[in-house]
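Input: a single structure, listed below in structure tokens.
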Amino acid sequence: MLRTRREKWALCFALLLALLSVPRAYKLQSPDFKVFYVAARHALTDPVNLYRISPDRYLYPPSTALLFTPFGFSENYSLHQWSWHALLALLLFLLCRSSWAAFAAMLLLTRYLTITFGYGQVNLVVVALLAGAGRWLEKNPAAAGGFWALATSVKVFPAVFAPAFFGGPRGGWRGLRGLWVGALVGAGIALTPFVFFGWDLGWALYGEFLGALQSKGLPLHSNNQSFVAFFSRLFTDASFPLHAVWEVKWTLLALPPALVRGVALVIGILLALLSWKRARERGTEAYLAAAAFCILFLSHIVWKDYLLFLFFPLREIFSRWPVRRSWIFGSALLLLVTLSAHDAVGAQVSTRLDAACIHLWIAVLVWGAWWKK
């Protein structure tokens, strides 16, 4: 039963977004989810082809494919595609219903949610698992460690949440126990390929996984919203594709790529350290925000749907700030997000805004608002 008005609004929002995204998901066939589906099918039927046959490159550990086997137990792709679509809607509802601040945060991130639903992406699941880790951090660090391990097993970058187990009134030995539980659960998940596929094939698959990661490299095309991609576009001699359509070169100053990457990493580390410093002053909810900024500022690949992790700092901002101030900030942020869309400014302008990393600068703007006392 829906007991509050907030829950009713959350349900309406989740259902509306899920339904409106059905045509796009149907047209695209949820391509990101299909990668996980095919990997799950390989894990169940022919694991030797896990990294050899895929609709796109599968860049996750073999253990992740095993985690997705509930969404790949049959050859009926449509069944699993729409089951995944429904799961995303359920998770969106659960996240939005927790508070009005959470609902407002997700509402501002609607553009990134539509990308997630249309492509069947996995980051909303990771956000939900991290939210579970944050919720249990104070009450039961061991349970928080379990959620954290699951999130890290789906995608590795939630590992940056680890410092949260050492802070707050539940830090010390209890926090360390949560960290150990998370490490044990994560290790158990990582070992599942050896259990299901055997020792030799398990090692071979992990070797192919590392090879697939190495081959990924640093994508410079305009969808990548990371610091290192942005600085590489401006300060190296590299050309890059605007949305993989045509090649351009924006070189302002040709510097060695290693130097540019080093500067980007230093900036990311500095922002990450400042984020954790502020989080230590504020407590549990701020730990999730600090982890979100680490994910966005340290990674060399930041796709637009990664901006969903701004859910955590935005939720905190809206819960701390007065209503009027929240409305002003939220409206300005919504304007920036909307103006960067193809439908608002056209593909020619939108692709260049993406290449200028407008979504990264939106994240930096949110960081500045969150960091301020």
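General observations
- Scanning the stretch 202-219 turns up one or more residues that are at pLDDT 90 or above, of a type in the set (A, V, I, L, M) and more than 30 Å from Val263 (Cβ to Cβ).
- Exclusive hit being surrounded by 16 or more Cβ atoms within 10 Å (Cβ to Cβ) and either under 18 Å from Leu109 (Cβ atoms) or in contact with a Phe, Trp or Tyr (Cβ under 7 Å, 6 or more places away or on another chain) (or both), set Leu334, Leu296, Leu365, Leu274: Leu296
- Apart from one condition, Gly198 fits all of (1) touching a Gly at 6+ places or on another chain (Cβ under 8 Å); (2) on the phi > 0 side of the Ramachandran plot; the exception is (1).
- In summary, Tyr58 fulfils each of the numbered conditions (1) surrounded by 20 or more Cβ atoms within 10 Å (Cβ to Cβ); (2) under 18 Å from Tyr206 (Cβ atoms); (3) modelled with pLDDT of 95 or more with the single exception of condition (3).
- The condition (being assigned to a helix (DSSP H, G or I), of a type in the set (D, E, K, R), surrounded by fewer than 18 Cβ atoms within 10 Å (Cβ to Cβ) and on the phi < 0 side of the Ramachandran plot) is satisfied by just one residue among Arg325, Arg315: Arg325.
- If only residues of the stretch 105-145 that are under 24 Å from Leu336 (Cα atoms) and in contact with a Ser or Thr (Cβ under 7 Å, 6 or more places away or on another chain) are counted, the one that is surrounded by the most Cβ atoms within 10 Å (Cβ to Cβ) is Phe117.
- For Ser63, the criteria (1) out of contact with any helix residue (DSSP H, G or I) (no Cβ under 6 Å at 6 or more places or on another chain); (2) of a type in the set (S, T, N, Q); (3) surrounded by 13 or more Cβ atoms within 10 Å (Cβ to Cβ) hold in every case but one, which is (1).
- Residues that are farther than 14 Å from Ala39 by Cβ and acidic (Asp, Glu) within the stretch 194-217 comprise just one, Asp200.
- Test set (1) in contact (Cβ under 8 Å) with a residue 40 or more places away in the chain; (2) surrounded by 19 or more Cβ atoms within 10 Å (Cβ to Cβ); (3) assigned to a helix (DSSP H, G or I) - Ser232 fails condition number: (1)
- Some residue of the stretch 274-288 being closer than 22 Å to Phe227 by Cα, assigned to a helix (DSSP H, G or I) and in contact with a His (Cβ under 6 Å, 6 or more places away or on another chain): no
- Residue within the stretch 150-163 that is farther than 30 Å from Pro55 by Cβ, outside the structural domain of Ser299 (by TED's automatic domain parsing) and surrounded by fewer than 21 Cβ atoms within 10 Å (Cβ to Cβ) present: yes
- 2 or more residues hydroxyl-bearing (Ser, Thr, Tyr): qualifying helices (runs of 4 or more DSSP H) within the stretch 18-97: 31-45, 62-67, 77-96
The values are calculated or read from the model by the stated rules, or taken from the named source; none is laboratory data. This one's a predicted model, so the numbers in the text were calculated from it and none came from an experiment. Ideal geometry is used to build each Cβ from the backbone, glycine not excepted, and the neighbour counts take in all protein chains shown.
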